[in-house]
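Inspection log for the structure reproduced underneath, given as structure tokens.
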Amino acid sequence: MRTLTARLVSRADSPAGRAQAPRTSRLNREQQEAWVLALYLGGATLDEVAFVLGSSRTWVRECVIEAGLARHRSTRNIDVLAILREVRRVGTLTLKEVAARLDYSEETVRHGIGALGMTESVRRLFRLRRRAARRVATANADISVDALPLRPIGARRTPTIRVA
């Protein structure tokens, strides 16, 4: 599948050498809608189609919805095996860490794990790892335990006075 790419055209005679978008052609509404559908079905994003036709992204989106086409959100492929590899990596405790390593959002990682049916297993794995990390931290803490003063079993307690 080919992806349509558009680039800005710069002119040397333009003020301060700023880049300018290509001029829009004189197409009627039906022709513009036909181009929207053709470009969108070819794999272009809403932003790319809007840029090429010189129209707004909202209008392009409305054309796609009116035509009854399924919207493709983005062209980025999510690698769920890479997500599972990062989950299984030693020391990983949260999905936020996995998302940061792979440059995905936390929601994308959560959906990827859910699509594989691994939600409960991953949750259990992270819970066990966090519990183990707490135990290691507690064992490595330098807390001195001194002997507590104990009173003999038969000794009486001093009475307490209540003040109302």
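The values are calculated or read from the model by the stated rules, or taken from the named source; none is laboratory data. Values in this document were obtained by computation on a predicted structure and should not be read as measured data. Cβ placement follows ideal geometry from the backbone for every residue including glycine, while neighbour counts extend to all protein chains displayed. Note: areas computed on protein heavy atoms with side chains; ligands, DNA, RNA excluded. Shrake-Rupley method; radii C 1.70, N 1.55, O 1.52, S 1.80 Å.
Within the assembled protein chains, the solvent-accessible surface assigned to Phe51 is about 60 Å², based on a 1.4 Å probe.
What is the percent carbon and sulfur in the accessible area of the range 56-124, measuring with a 1.4 Å probe over the protein chains and ignoring ligands? Carbon-and-sulfur percentage of accessible area, whole number: 50.
Taking a cut-off of 25 Å, what percent of all Cα-Cα pairs in the range 31-143 are separated by more than that? Working shown, then result.
On the way: 3166 of 6328 pairs.
Taking all Cα-Cα pairs of the range 31-143, the fraction more than 25 Å apart is 50 percent.
Which FRET efficiency value, to the nearest 0.05, do you get for Arg71 and Asp142 by plugging their Cβ-Cβ distance into 1/(1 + (r/R0)^6) with R0 = 45 Å? List each step's numbers first, then the result.
On the way: r = 58 Å, r/R0 = 1.29.
For R0 = 45 Å, the calculated efficiency reads 0.20.
Going by average Cβ density within 10 Å per residue, which order do the peptides 129-138, 32-41, 58-67 take, highest to lowest? Could you put the intermediate results ahead of the total?
On the way: 129-138: 10.8, 32-41: 17.7, 58-67: 15.6.
Descending mean neighbour count gives 32-41, 58-67, 129-138.
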